[in-house]
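The block underneath contains the structure these notes are about, expressed in structure tokens.
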Amino acid sequence: MRPRALIVLLVLVAAVAGVLMLRSASDNEQEEKAEEEAPIVAPSRIAERENEPRVVLDSAEASRIGLTTAALAPATAQGGRRLPGQVIPEPERTVTVRAPVAGRLTVTRGGRWPSLGERLEAGAPLGHVSDAQPLRVPIAGVITAVGARPGEIVEAGQTLLELADNSHPVVRVAWPADAGRPATRIMLLPASGPAVEAALIGPAPEADPLTRQPAYLYRSRARWAGAVPGTPVTASLRDGAKLEGVLIPDAAVVQWEGLAWAYLRRSPGEYARVRVPTGQPAPGGWVVGPPLAAGDSVVVTGVQELLSEEFRARVTVGEESGE
């Protein structure tokens, strides 16, 4: 072979080897980059047991989220029907603080002017206008309107604050003729939160504006979140029938897709999501029947964490809402 041909052949062999080495290095670099960019997926804590998904936690993970359980106790609920109700305003429990004289509004030394939605105690100092007597909170309640701010010049009689005592809201309940005589006590079912007992005040001065049926007024024993005038609420009447079951505490219930659920401990470290019917409210929770039974344990702390863990691990197709 001629020297020139040999040299050309060697050059070609070196070029091909170089291309192959560069491609190999590029492929390795791309693989390493893909590995670095790949998301880190936490191991699933969902296991299929007896045709149901269960959240499986070891003792360390349960301790981390503060998971606790409670044993279900036997309970009895009265059956009944539902009636529509609405929280109504109470003018006699609403007070307006007005400026006694014209002048500059100032706050009490070391104090501050209350803000909308703030709750005040009766007798708390507010401030004064000019050199008039100091202003004080006339009743315990929540600020529903602010008419002036410190430093402003106000007129005599001008509204400074409005307060409403909404600690025991009054609800107007539409009462159909077939419901019989008004019950002395009913259970109110807010859109969220536990049931609240209410006592009869008497007949409402006007019919229910929606149903045009006679209505009765009930005063609740406690306030619930969102209980402001105009808020709808359902009233539950007892009819004498009884449901034997167990009491599911409020703390054990989590909302998902408009339904109530609880996590039942099937075995140590394994928790299954079960439906909680909310048709039988009771103080502190709901009374439900089988398959839940006395002695079963449900999660009362860490419920939301279990729900998040369950749906982090799988994509739902919507079958739960029809269960």
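Among the strands (runs of 3 or more DSSP E) lying completely within the stretch 214-262, list those that include at least 1 residues that are more than 30 Å from GLU310 (Cα to Cα), of a type outside the set (Ser, Thr, Tyr) and modelled with pLDDT under 90.
232-249
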Original post:
Taking the stretch 184-213 on its own, how many of its residues are in contact with a Leu (Cβ under 8 Å, 6 or more places away or on another chain) and either at positive phi or outside any loop (DSSP other than H, G, I, E, B) (or both)?
Top reply: 9
**OP:** Filter the stretch 91-117 for residues that are closer than 25 Å to THR231 by Cβ and exposed (fewer than 13 other Cβ atoms within 10 Å of the Cβ) and give the result.
**Re:** PRO91, GLU92, SER115, LEU116, GLY117
**OP:** Name every residue in the stretch 268-303 that is out of contact with any strand residue (DSSP E or B) (no Cβ under 6 Å at 6 or more places or on another chain) and among the polar types (S, T, N, Q), in order of residue number.
**Re:** none
Subject >> Residues of the stretch 216-247 classified as open to solvent by less than 40 Å² (accessible area, probe 1.4 Å) and either in contact with a helix residue (DSSP H, G or I) (Cβ under 9 Å, 6 or more places away or on another chain) or farther than 17 Å from PRO190 by Cβ (or both), total >> reply: 4
Original post:
Is it true that PRO125 is farther than 30 Å from GLY289 by Cα and surrounded by 14 or more Cβ atoms within 10 Å (Cβ to Cβ)?
Top reply: yes
Original post:
Does ARG181 satisfy being on the phi < 0 side of the Ramachandran plot, assigned to a loop (DSSP other than H, G, I, E, B), among the charged types (D, E, K, R) and open to solvent by 50 Å² or more (accessible area, probe 1.4 Å)?
Top reply: yes
**OP:** Identify the residue in the stretch 197-212 that is modelled with pLDDT under 90 and open to solvent by less than 80 Å² (accessible area, probe 1.4 Å) and, among all such residues, is farthest from ALA145 (Cα to Cα).
**Re:** THR211
Original post:
What is the one condition in (1) closer than 23 Å to LEU189 by Cβ; (2) modelled with pLDDT of 90 or more; (3) over 16 Å from the mean Cα position of the chain (by Cα); (4) open to solvent by 40 Å² or more (accessible area, probe 1.4 Å) that ASP296 does not satisfy?
Top reply: (1)
Original post:
Of all residues in the stretch 251-277, which are polar (S, T, N, Q) and touching a residue at least 40 places away in the same chain (Cβ under 8 Å)?
Top reply: GLN255
Subject >> Filtered residues of the stretch 53-90 (kept if over 26 Å from the mean Cα position of the chain (by Cα) and exposed (fewer than 12 other Cβ atoms within 10 Å of the Cβ)) >> reply: ASP58, SER59, ALA60
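Okay, residues lined up against (1) of a type in the set (Lys, Arg); (2) more than 30 Å from PRO203 (Cβ to Cβ); (3) in contact with a Leu (Cβ under 7 Å, 6 or more places away or on another chain):
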| site | (1), (2), (3) |
| --- | --- |
| ARG82 | yes, no, no |
| THR96 | no, no, no |
| LEU120 | no, yes, yes |
| VAL137 | no, yes, yes |
Original post:
Taking the stretch 138-163 as the region of interest, how many residues are of a type in the set (A, V, I, L, M, F, W, C), touching a residue at least 40 places away in the same chain (Cβ under 8 Å) and surrounded by 18 or more Cβ atoms within 10 Å (Cβ to Cβ)?
Top reply: 5
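The values are calculated or read from the model by the stated rules, or taken from the named source; none is laboratory data. Since we're looking at a predicted model, the values are computed, not measured. Ideal geometry is used to build each Cβ from the backbone, glycine not excepted, and the neighbour counts take in all protein chains shown. Just so you know, the surface numbers come from the protein's heavy atoms only, side chains and all, with ligands and any DNA or RNA stripped out. Shrake-Rupley method; radii C 1.70, N 1.55, O 1.52, S 1.80 Å.
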